[in-house]
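Please treat every number below as a calculation from the coordinates, not as lab data. For clarity, every value in this text was computed on a predicted model and none was experimentally measured. Here the Cβ positions follow ideal geometry from the backbone for every residue, glycine too, while neighbour counts run over all protein chains shown.
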Amino acid sequence: MAGSKNSPGNNKKYVLITWGLVFAPVIFLFLLFTLTSCELFGELPEVEELQNPKNNLASIVYSSDGRILGKFYKENRINCTFKELSPNLVHALIATEDARFYEHSGVDLKALFRSVSGLLTGNMNAGGGSTITQQLSKMQFSEKPKNKVERIMQKLKEWIIAIKLERLYTKEEIMTMYLNKFDFLNLAVGVKSASQIYFNTTPDKLNLPQAAMLVGMAKNPSLFNPRRFEERTQKRRNVVLSQMKKYGYITDAKFDSLKVTPLNLDFKSEDHNEGLATYFREYLRDNFLKEWCSTHKKENGKPYDIYRDGLRIYTTVDSRMQQYAEEAAIEQMKFLQGKFFKEKKKNFPFAWNVSKDEIKNIMNSSMHRSDRYKALKAAGKSEDEIAKIFNTPIKMRVFSWRGEIDTTLSPYDSIRYYKSFLQCGFMAMEPQTGYIKAWVGGINHEHFKYDHVKVGRRQVGSTFKPFVYALAIQEGYSPCYQIPNVRTCITTEDGKEWCPDNSAGEEKFEGKPQTLKLALAMSINYISAALMKKFGPRAVVNLARRMGVTAPLEPVPALCLGVADISVYEMVGANSTFANQGTYVQPIFVTRIEDKNGKVLEEFVPNTDEVVNEEKAYVMCELMKGVVLYGTGGELRYKYKLTNPIAGKTGTTQNNSDGWFIGMTPDLVAGCWVGGEDRSVHFNTMEYGQGARMALPVWGKFFTKVYADKTLKISKDDFFRPAHMSEIELDCSKYDKENQQIIDDLSGEKDPFDQ
């Protein structure tokens, strides 16, 4: 009958409607997918961007012996290759995140339908639908979707990106990109940083439990943060191990043995205030690399960025020597600080003769230089308000040699407390290459930021005298040349008389002719003044300039006693001229810089200048060896048992404000300064307030450790003696007969300062 519900026409209509309902979602999805790929709903990453992902790569600082000294980064990411990944890591990732990784083309429809089915049926064990490639795609989006519609659109974009990634990269490259991109928290971006930070190892050496823990974190790193939630993270790690058992990567027995093992973290935090060479790294970052990046452009015309471009900076610093230098400095400074605290009874921490008004001025000046004061001033606070804040006690954590202390202090009192700590600057370099091998800029970078190697300049005292003596040697004087040890006066350019006195203890030599060798060894001021009168201040300044001293040098007679402020960096570099046969080699600390792909961007070579001939340089070394043989540096022999040839010079400034020691061997030259932040913070007496007691022990401890490490191959040979030396007298014993008993006493095994 016409119009029957079962008529062929109606059946056809129902069939079409049914098929339409079936295919409509597919067609809709196809159209949506097509329109999304055409960027109708927003831009997609360009193919070129996918081929060259814009990851923020950390710049790495390497030591000369191949160790990572530090990194500069916005994200602490160091990319690695697939070959650098442990098979344990690869298997754990596939078993947990994408079992069909090698079978799909970016989007795993089978896993997707299984996931959707699980959601509809309530089966929470159905597994997720996102592949590793999709998860990598998701990482390309920095902003989270605000609603469900945006999330759906982002999901479609992720699929499109995933398919493109599969076309552009191999499976191994995709997996490596994923592990390089993932943020494992605690400043560990990428698996290479994560391996180092959590387990102090590299990705290729990750064992099964370690690899499983890192892969387990991929589900939700905040939820499975091993530092905060150890038990929860261990359970998640065991889920990963279970998946590896499920897919045949490990046996049942292996799983049973591993699931009970603890996490065994070996956590190494990434902190610019920790690790080796903190002061050196900060100078490298804030001075050298900042300037270098501003003058070097990438192919796109933009300057290099040390925080994002993955530069590789190869330095001259040897991690072993750096370690020994830091150990030596800490050992000495702990000891010295104890002596300093015991001595201070009045005006702590200032010297006994510093007046209350002087202390007030010093403290107010320091307060005005502080970041707290500047911030309060910028906020519009009045001087009275600021003074009240600075004198109100607050809880704070402060430095001590026993570890950080939680205490309550006013900011004003904390300034005074921090001034009580003696500071140290130490540097060692190869005289032939100019390579700086160790750089210790202070006692603790977190609490004392100021660098005392390159940035700080302090009065050098008697360590300046070798420049004056070098002029005499250049003019043909021998180490045995005798000068009457009498008071010398010099008329200055303004017509005044300058007549320096000898230091305490030198009166035993007065009135007698002294050889240059003994005079320098005992640091006799009268002889230095006599040489300055002979050659003049300007000649001394000119020589010091050629030897690398760039600090301001006033051409005044008092320069011969070391009134100038000079850095440790300049003093070590200048004295290296003598050890390097008369040729000054500018100290350098970077040999080359490469980009993230290993392309050399610049190589560095030091400036050089032949200042004196090799014969005169050798004579200066012989002259300065007297300081260690029987002079103020004798402690190196009798206390530290360093009996090999060493040339050196101690230095102590007025009121014991600065203690210095510069010491040279043929292979290594090093110098040390010790003193307070303010010159009014110093020892009251010479017992510990001189260079031989403050700075020299750091040098002695360092070289003792260096010589004990045979891998460094630092020789104990004598200085190079030119083959055709002229007849210059070097043995001055016959001229010092009248002083022989004094010399014998000083060259014995007994400490002259303990007498």
- In whole Å, what is the distance between the alpha-carbon centres of the range 370-443 and the range 627-651? 34 Å
- Quick one: grab the alpha carbon gyration tensor of the range 575-691, order the square roots of its eigenvalues as a ≥ b ≥ c, and give me rounded if a/c is under 1.5, else prolate or oblate depending on whether a/b is larger than b/c. oblate
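With a cap of 13 neighbouring Cβ atoms within 10 Å, and only residues DSSP puts in a loop, list the GluC sites (Glu not before Pro) found in the range 66-111. Each step should come with its number before you reach the end.
Details: sites: E75, E84, E97, E103; in loops: E75, E103.
Of the GluC sites (Glu not before Pro), the ones in loops of the range 66-111 whose Cβ has at most 13 other Cβ atoms within 10 Å are E103.
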- Under 18 Å from a label point 7 Å along Cα→Cβ of S420: give me every residue in the range 427-452 with its amide N that close. 443-444, 447-448
- Note on the structure: Placing each pseudo-label 7 Å from Cα in the direction of the beta carbon, K377 and V600 end up separated by a distance in nanometres of 4.8 nm
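Ranked highest first by average number of other Cβ atoms within 10 Å, how do 537-544, 614-621 line up?
In descending order of packing, they fall as 614-621, 537-544.
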- Query: Using a simple charge model, +1 on the beta-carbon of Lys and Arg, -1 on the beta-carbon of Asp and Glu, nothing else, what dipole does the range 357-411 show about its Cα centre, in debye to the nearest 20?
  - Reply: 200 debye
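For the range 452-535, which GluC sites (Glu not before Pro) are in a loop by DSSP, counting at most 16 other Cβ atoms within 10 Å?
Sites meeting the loop and neighbour criteria: E475, E493, E510.
Trypsin sites (Lys or Arg not before Pro), restricted to the range 359-453: which are DSSP loop and have at most 12 other Cβ atoms within 10 Å?
Values: sites: K360, R369, R372, K374, K377, K381, K388, K395, R397, R402, R416, K419, K437, K449; in loops: K381, R402, K449.
Hits after loop and neighbour filter: R402.
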- Message: Could you tell me how far the Cα centroid of the range 156-210 sits from the Cα centroid of the range 530-592, in Å?
- Response: 53 Å
- Relative contact order (percent) for the range 447-576, with alpha-carbon contacts under 8 angstrom and 6 or more residues of separation? 38 percent
